[in-house]
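The structure appears below as structure tokens.
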Amino acid sequence: GIIGEMKAIAKAAKKRAQARNIFQRAQLRVRKIYAHNYTQAASAWMIALNFACTIVEAQYITSAPEQHDAPAAQTLDRLDLLFVALSALELAVNAFAHWCRPFLRSPW
């Protein structure tokens with residue numbers, strides 16, 4: 001009956017879960033963390049802050065090109081490098097969490 005089928009499905013699911021290797025278990029853990037609302041919100045804020053810093057940098061460079069070596073310009077350059085590094089890290093975590101087909105098929 002239905003209960004027997006459900007027990008068989010549950011048993012098969014448990015067997016599959018136990019058969020996962022360490023890579024698959026780590027990937028599942030990272031995927032859950034990556035998909036969490038807090039992680040997605042942090043990623044969105046990083047994009048927004050990067051955009052704001054890029055606007056400030058563009059305005060600063062066009063308004064005072066002779067001060068490109070000033071401390072403010074150096075700070076903006078460092079922030080730019082930080083955002084590049086954080087974006088690369090986010091991309092690597094996303095690639096690991098959704099390896100490989102779901103990551104490549106995502107329009108983002």
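The values are calculated or read from the model by the stated rules, or taken from the named source; none is laboratory data. Computed from a predicted structure; not experimentally measured. Here the Cβ positions follow ideal geometry from the backbone for every residue, glycine too, while neighbour counts run over all protein chains shown. Side chains included, ligands, DNA and RNA excluded: accessible areas come from the protein's heavy atoms. Shrake-Rupley method; radii C 1.70, N 1.55, O 1.52, S 1.80 Å.
Along the charge dipole of the stretch 2-105, Cβ charges K/R +1 and D/E -1, which of Ser63, Ser43, Asn94 sits furthest on the positive end? The Cα lying farthest towards the positive end belongs to Asn94.
The base-10 log of I(q)/I(0) for the chain, evaluated at q = 0.11, 0.16, 0.24 Å⁻¹, reads -0.57, -0.87, -1.23 [Debye formula, identical scatterers on Cα atoms, solvent excluded]. Distance distribution P(r), the stretch 46-85, all Cα-Cα pairs, bin width 5 angstrom from 0: 6, 26, 33, 22, 10, 3 percent.
With both labels modelled 7 Å from their Cα along Cα-to-Cβ, the Gln40 to Gln18 distance reads 3.4 nm. Per residue, the stretch 2-105 exposes 80 Å² of solvent-accessible protein surface, assessed with a 1.4 angstrom probe and all protein chains in place.
For Met6, the accessible surface of its heavy atoms amounts to roughly 120 Å² (probe 1.4 Å, protein chains only, rounded to the nearest 10). Put a plus charge on the Cβ of each Lys and Arg, a minus charge on the Cβ of each Asp and Glu, and nothing anywhere else: the dipole of the stretch 2-105 about its Cα centre is then about 1620 debye.
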